[in-house]
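See below for the structure under consideration.
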Amino acid sequence: MATDWAADVKKYVPDADDAVIGKIVTYCGIALRNRDSSLVSFGDEEEVARVRNNFLKKKLGLTQSDDELNAAIASVGAKMKADRTRNRVTVYYLLAAHFDKLSVFTKAAAAKPAKAGEVEAATSGQKTVTVQQTRSPARRPAIQQQTLIGLGLNKIGRRRTLVDNPSVRGMIAKVAHMVRVVDEN
């Protein structure tokens, strides 16, 4: 099994971006630990459907018909026909390059999504509210623990500055016994 995913991808795309390959490896995650799941079988209809639905439609956000997507998968399969091992990372890279969607993986590297209502470095002109966690969520209902995590709080004393909107205020009200409002701007 190839553990040097970049070398395998560069057999087909010599100038492949290592950062994109790294993001695809991260996306595949635990599937790459097992030899069987790290390879793509183009003859297996379930595998082709899995690649089409989970990678092309969900991850890349493609809206083409199933026939068009299957044709693209088949063209990548034909390109890799000489190679006995059709590594999942290589297949995904070639498919993303085919649809010109490598930017999906470069954007993920550049910007992490903010938590619910979290303020980004005072770039927003909206009103804000700063909350601090004062009590532990231990022995509390799971929904209250999840609400704290949604607010970006998971340790006593941690503070977060959030956009002051009704949804954030509702979350604060739900866990009011475990947080305190420090500042409102």
Filtered residue count, the stretch 147-168, keeping only those that are more than 18 Å from ARG135 (Cα to Cα) and of a type in the set (D, E, K, R): 1
Residue check for ARG140: under 18 Å from LYS127 (Cβ atoms) and either surrounded by fewer than 18 Cβ atoms within 10 Å (Cβ to Cβ) or of a type in the set (Gly, Ala, Ser) (or both): no
Selection count, the stretch 98-107, where residues are at pLDDT below 90 and either touching a Ser or Thr at 6+ places or on another chain (Cβ under 6 Å) or assigned to a helix (DSSP H, G or I) (or both): 5
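The values are calculated or read from the model by the stated rules, or taken from the named source; none is laboratory data. Worth saying up front: this structure is predicted, and the values here are computed from it rather than measured. We place every Cβ from the backbone using ideal geometry, glycine too, and count neighbours over all the protein chains shown.
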